[in-house]
Structure formats: structure tokens, C-alpha cells
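No value in this document is a laboratory result; all are computed from the given coordinates. All of these numbers come straight from a predicted model, not from anything done at the bench. Every residue, glycine among them, receives a Cβ derived from its backbone with ideal geometry; neighbour counts consider all protein chains shown.
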């Protein structure tokens with residue numbers, strides 16, 4: 001479990017950097033979850049998890065100085081945590097995925113706090129870069145830029161590793177102890193989450209058209225097909 005956590009942390013940290021570097025949408029849940037699932041041999045589960053989280057956070061995006069909850073970190077933790085726990089327990093069930101979502105999703109808010117702290121730290125590097133620019137020190141500007149990337153990547157890797165290892169251990173420990181009534185509640189929650197996501201997507205119609213709604217309804221249809 002430790003070795004897997006290290007590998008996921010290194011890969012997940014690199015994917016999460018897309019939020020501040022290239023910004024080609026690799027860090028979006030609908031992309032990062034299937035990619036991580038594919039690497040871990042559970043591409044379909046990764047796709048379902050990514051669709052869930054994408055719908056839930058689809059109305060949160062960067063506007064001006066606003067820093068949204070870090071859904072990328074949460075996506076990595078939920079996907080990897082549920083898959084790793086499923087391997088330990090012998091089966092990756094819908095209920096286990098739901099439990100992982102409930103456990104890891106609040107960490108998106110903590111990730112937001114981390115991002116705010118990173119921005120404040122980068123202000124120091126920005127001031128240094130300005131001084132380097134005034135003195136014509138091109139190498140100094142490049143050095144500060146690279147250091148900011150390394151620092152952000154390192155923070156993301158440590159964040160993922162600590163919470164993934166701890167959260168997976170909790171999933172493996174708690175899930176077998178759940179009563180039948182709790183398992184039933186998790187089953188209902190599994191099918192309720194996309195409905196909640198559709199309601200969130202509906203609030204984005206005026207901003208992004210009908211694509212989020214179509215995607216949400218498509219996800220609901222897929223889940224209904226699983227039932228029947």
C-alpha cells in the first residue's frame with residue numbers, strides 16, 4: 001500500500017500541476033480520474049468517479065483572484081483510494097466508491113487552503129523575480145519560476161501521499177464493519193450523487209449552455225442501465 005501511495009502521489013502531483021502550468025484541462029476530474037484509473041487497471045471505475053466529481057464541482061471555476069476547491073487533489077484521492085481499498089478487500093463495489101467519495105471529497109476544501117498558502121508563498125518569489133528583472137538577472141527569474149513549480153509539486157505529492165495512505169487504511173478498516181442498513185444507504189447515495197450533480201449542472205446553463213446537463217443526464221442513464 002505504501003509503494004502504491006508513493007506512485008500515485010508522484011503521478012497525481014504531476015497531473016494536478018496542470019491547474020497552474022499548462023491548463024489544458026488534464027487536471028479536471030473527468031480527465032484525471034479515468035487516466036489514473038487506466039494506470040491502476042480500473043479505467044471504467046475512474047470514468048464513473050470522474051463524472052461524479054466533475055458534475056459536483058462544475059460550477060466552481062477560477063474568477064479573478066478566487067481560488068476554488070481543489071477538485072483535482074480530491075479526484076486523485078477518491079480514485080486511487082477506492083481502487084487500492086478494493087484490492088485490499090478483494091472487490092471494488094459501488095458502495096466502497098461512495099464511501100471513498102464521502103471520505104475524501106471534503107479534502108478539496110483543505111486543498112483550497114493549501115492553494116491559497118502556495119499563492120502567498122509565490123508572492124515572495126514574484127517579488128524576487130521583479131528585482132532580478134530590474135537588475136537584468138535572467139537566470140534569477142528562471143530560477144524563481146522553476147523553484148515555484150518544484151515547491152508546488154512537492155506540496156501536492158506530500159498532500160496526496162499522507163491523505164491517500166491514511167484514507168485507504170480507514171476505508172479498509174471501516175468498510176467491513178458497516179451494517180447492512182449502512183451498505184444499503186451507500187447504494188442509494190451512489191445513485192443520488194449524479195442526480196445532485198445534474199442539479200448543480202443546471203445552474204450553469206446560462207454560462208455554459210446545455211452541455212453539462214446533457215452530460216449529467218447521460219451519466220444518469222448509464223447508472224440506470226446498471227440497475228436494470
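What to note about this one:
- Among 88-98, 177-187, the peptide with the highest mean count of other Cβ atoms within 10 Å heads the list, and the full ranking is 88-98, 177-187.
- 20 Å reach of a label modelled at residue 4, 7 Å along Cα-to-Cβ, counting backbone N of the range 27-52: 32-50
- When 40, 1, 25 are sorted by how many other C-beta atoms sit within 10 angstrom of their C-beta, beginning with the fewest, the order is 25, 1, 40.
- Taking 153, 175 and counting other C-beta atoms within 10 Å, the order from fewest to most: 153, 175
- For the pair residue 44 and residue 130, a Förster radius of 41 Å applied to the C-beta separation gives a FRET efficiency near 0.25, rounded to the nearest 0.05.
- Ranked by how many other Cβ atoms sit within 10 Å of their own Cβ, fewest first, the residues 42, 123 fall in the order 123, 42.
- Whether the range 1-125 is rounded, prolate or oblate, judged on the alpha carbon gyration tensor where a/c under 1.5 counts as rounded: prolate
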